[in-house]
Structures are given as C-alpha cells and as structure tokens.
1. Cross-link candidates for residue 124: which lysines have Cα within less than 22 Å, leaving aside residues fewer than 8 places away along the same chain?
2. Using alpha carbons only, how many angstrom separate the centre of the stretch 213-289 from the centre of the stretch 149-193?
3. Which residue, 279, 67, 205, tops the fluctuation ranking in a GNM of the chain built on C-alpha contacts under 10 Å?
4. Once the Cβ-Cβ distance between residue 282 and residue 223 is put in as r, and R0 is 45 Å, what FRET efficiency do you end up with, to the nearest 0.05?
5. What ³J(HN,Hα) values, in whole Hz, does the Karplus curve 6.51 cos²θ - 1.76 cosθ + 1.60 give for the stretch 262-267 when θ = phi - 60°, with x put for Gly and Pro?
6. Please give, to one decimal in nm, the separation of the simple spin-label points placed at residue 150 and residue 87, each 7 Å out from Cα toward the Cβ.
7. Subtract the Cα-Cα distance of residue 252 and residue 77 from 0.36 nm times their separation in residues, and report this length gain in nm to one decimal.
8. Just add up the charged neighbours of residue 118: K/R +1, D/E -1, any other residue whose Cβ is under 9 Å from the Cβ of residue 118.
Amino acid sequence: MSRVLVAGASGRVGHHVARRLRAQGRALRLLLRPEEARGFCPEDGDEVVTGDFNSPDSMAEAFTGVDAAFMYAPDADASPAVFGAARACAVQRIVMLSSASVVKAPPGPNPIAERHRAAEAAVKAAGLGFTFIRPDTMASNSLQWVQSIRADGCVYTACPDSMRNPVHEDDVALLAALALQSDAHAGRAYFVTGPQVLRIRDQVDAIAAQLGEAITCVRIGEEDALARSMLASPGLSRAAAQRLLDYLKKSVTVKPDVSDEFGEATGYVPRPFSDWVCDHLDAFRRPAN
C-alpha cells in the first residue's frame, strides 16, 4: 500500500489527520516547511520531507509514490501548477481543507475566498478525485486570545456579540481521514460547523469557566482590532484582516447556519466548544511562577 501524503502535518488539522491515519495503519509521508521540520519528532514509520506546498517542484517530489494527499489550499497563483504536479505523479485523490467562504462570500476581492476557490477549481481542472472540506469557523481561532488572557485576563474584540459556529479541528480531521480512506466521499464538498451558535462572549465565558478564572470581554475599535488580528496571525494581509472584521460585524445580527453534513458524512455528532476548550485548556493557563 502506498503512502498517504499529509501536507502541512504540523498544522492543527494536519496533525490530527496524521494521527488518525497512523492509527488506521497507513504509511505516511509528512510534508513540512524547513522551519517546521527543525525539532519535529516523527512517529516510527513516518517519512518526513521538507518543502513548500506553494512550490510545484517541492510538491512534485512530495507527490511521487503516493496515491492520496491531504492538502491545505495553496496560493491562488500556485494552485494550477501544484495540482498539475499531482496529476503528473498519478495521485488519485486530494482531500483539501477549504473554506465555507467559497460559497458564503460573494465574488469579489476577498483573498480568503478567492484562494480557496482557485484551489478547488485547480483540483477539478487537473482531473483529480477530490473531497473538499469547508469549515465555517474553526474553534482553534480562539487561540488568538491566548496571549491577552494570560497577560491580563481579557479578550479584546470589536464585536463581543458576533456569533460563531465553532468546529473542533479533530472533527475536521476525522472527516478528512475518512475521505482519504473511502470512495464514499469522492466528489463531495462538505460544509462543516460545530453543533451550536455561540457569541464571542459566550466562548470567552466557556474558557473562563474551565480555567476557574474571570476573563473580561473588552470592546475595542476597528483599527485596534485589525492590528491585533494581523499580529496574532503573521502573514495575514490587511485586506484579509478587513474581510474577517467585516464578517465579524455582519455576524452580530446575521446568525450563521449550523450544518448537519458532518454527522451525515461520519455518523458522529460534532463536538461542542466546551470539549475543544477542555482539550486546549493548558494553552490558556498562565505559566507557573
């Protein structure tokens, strides 16, 4: 049985995809950027290669000898060549972490939506088997609050009442692992959410409850919010940060949908945000003196 490529294996979803596939006895090839590979400890039997999933040359090497791959969306300009390389290497199946913005955002200058739209189109144009997983809001986005919670017990946001449907990254990984193993998910695009809608202040309260400490949700101005967003996500452009802020504002009054597609695809109920908090609680704890 050939190896399965997990591109971005150090990412939050990629890590869980690799763990689940490994538990199923699959041989893995893990693609890491050089800076990610330093100090990375693979499991027995894993093969590690270094490269950049925006580089067709790197990906041609990574794709060689694998029949299926889990991918994050490359940059829009790189996608046609990257997935052309997959086709040339006889990869049969791509399972890609896409974004609900592909269908939610109107056409136009939305860098997040356009990157994922371009990647999905490139996979199809290359004639590859595919499954696209389109989460709406990842629960792991809450990790952007770690520093301020640790520092002063606050979460700073322009819209404390903005609503979200946070999904656990391991639920996304479960669906990805199933799609890599079974033809039942071929040609499908899944809109994936958590099981409930929560305001940002509700998420903050859930973290506070499990920490056993008070956390204050502080309303800030838009310029401050943009600066904090870009600081929390190095490489995030101002345009992308603005789109995220626009969605944050819209979601104060427009309630996001809760999808049942995860349950239909996996037979499982998506895990609540409180489970995600429990799994990541140590990240929010202040270091011991």
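1. Answer for residue 124, where 22 Å is the Cα cut-off: 104, listed by chain and number.
2. Here the two parts' Cα centres lie 10 Å apart.
3. For the chain, modelled as a Gaussian network with Cα springs under 10 Å, the answer is 279.
4. Rounded to the nearest 0.05, the efficiency is 0.90.
5. Rounded to whole hertz, the list is 4, x, 5, 7, 10, x.
6. Each label point lies 7 Å from its Cα, and together they span 4.6 nm.
7. Contour length minus the Cα-Cα distance gives 59.6 nm.
8. With Lys, Arg at +1 and Asp, Glu at -1, the net is -2.
The values are calculated or read from the model by the stated rules, or taken from the named source; none is laboratory data. Predicted model, so just to flag it, every value in this text is computed and none were measured. No Cβ is skipped: glycine too gets one built from the backbone with ideal geometry, and neighbour counts run over all protein chains shown. When the accessible area is computed, the model is the full protein with side chains, heavy atoms only, and any ligands, DNA or RNA have been set aside. Shrake-Rupley method; radii C 1.70, N 1.55, O 1.52, S 1.80 Å.
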